[in-house]
1. Express the relative contact order of segment 206-297 as a whole percentage, based on alpha carbon pairs under 8 Å and six or more residues apart in sequence.
2. Using the Karplus equation 6.51 cos²θ - 1.76 cosθ + 1.60 (θ = phi - 60°), what ³J(HN,Hα) coupling, rounded to whole Hz, does each residue of segment 59-74 give in order, writing x for Gly and Pro?
3. Just add up the charged neighbours of ILE91: K/R +1, D/E -1, any other residue whose Cβ is under 10 Å from the Cβ of ILE91.
4. Tell me the Kirkwood radius of the chain: reciprocal of the mean inverse pair distance over distinct alpha-carbon atoms, in Å.
5. In Å, what is the Rg of the alpha-carbon atoms in segment 13-71, and how long is Dmax?
6. How high is the relative contact order of the chain, in percent, counting Cα pairs under 8 Å that sit 6 or more residues apart?
7. Would you calculate, for the chain, the mean residue ellipticity at 222 nm contributed by helices, counting each DSSP H stretch of 4 or more residues as -39,500 (n - 2.57) and dividing by all residues, to the nearest 500?
8. Pairing the Cα long axis of helix 161-185 with the longest principal axis of the chain, what angle in degrees results, from 0 to 90 and rounded to the nearest 10?
Amino acid sequence: MKKIRIVFMGTPQFSVPVLEGLLEEYQVVGVVTQPDKLVGRKQVKTPSPIKELALKHQVTVLQPEHIKIDYQNIVDLKPDLIVTCAYGQIIPKVLLDAPKYGCINVHASLLPKLRGGAPIHKAIIDGYSKTGVTIMYMVEKMDAGDILRQKETIIQDDDTLATLTDRLSQMGKNLLLETLPDLLQGTIKPVPQKESEVTYAYNIKREEEHLDFSKTTRELYNQIRGLNPAPGAYALLDGKIIKLFAARISDSFYTTKEVGEISRIYKDGFGVATKDGELIVTEIQLEGKKRLLVKDYWNGTKPGTWLGKRLK
């Protein structure tokens, strides 16, 4: 174990492999994560995945409600380095300046592309052909610090939010462990980001979850993949919300049906007319029900039903 005092800041499952890597190789003196949340219908108070891992390894856990004003306990840990990964709050300057080796972040995009809180969702939804992970210095401006290292991966046509998140999470762990020795030895040269190439990936809003079938088949396919498994893309079927978790693009690019109309029934799903063809939906979830493959559920529904509002 290398003798450097590291404080790790993260919250979701994506951050877990990164913290695991640090615990294996370095001295983690504290973990900062978001406060426990009320989850589910019964509103059970639930710790973050990072808190659970930290407690398992008997590491001090801090959970400030507002880190901009409640940071002194972190400073008191006297970190030589702060590592963040999907923490969920803006880090104040006093913390950025406190450690000897600064504050670095593991970000799930090829910065300056996709700055913000939903880079994996947006990489798929916006049709990027590749993405990756970036190790960067933290600054007060969101995801704008100098780049230390990057590694890219191709976005496969069948990638979902889940599969790409898992892959980038492991890449982030490996790239961080490759980067730290050079950072600590002072042999790495930070590279400023090119502001002219910046794009943003802000947190997903409710309206971005809605499927508009006047879009192209590819756009809809990407949207469904980029929101699977959560929060899930949705449309209205007979006035009720239906979530769509999986689909495929039809080989037939022509249909006489109107946009949003169920065009035909297949063995594994149902087709919906789009701007330029047909999207075949293969996995759904109706309100109050479990996720199901369409072939296990879809009985008796005939073409002619509409998803969403009928366009005039």
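What follows draws every value from the coordinates through simple rules; no lab data is involved. Given the structure is predicted, the values throughout are model-derived calculations rather than measurements. Cβ atoms come from the backbone with ideal geometry, glycine included; neighbour counts cover every protein chain shown.
1. The value is 27 percent.
2. Using θ = phi - 60°, the values come out as 9, 4, 10, 10, 9, x, 5, 9, 5, 5, 10, 10, 10, 4, 4, 6 Hz.
3. My count for the surroundings of ILE91 gives +1.
4. Numbers: mean 1/r = 0.0470 Å⁻¹.
Taking every pair of different Cα atoms in the chain, averaging 1/r and inverting gives 21.3 Å.
5. Over segment 13-71's Cα set, Rg and Dmax evaluate to 12.6, 40 Å.
6. Details: 687 pairs, mean separation 40.0, N = 312.
That works out to 13 percent.
7. Rounded to the nearest 500, the figure is -6500 deg cm²/dmol.
8. Long axis of 161-185 versus the principal axis of the chain: about 20 degrees.
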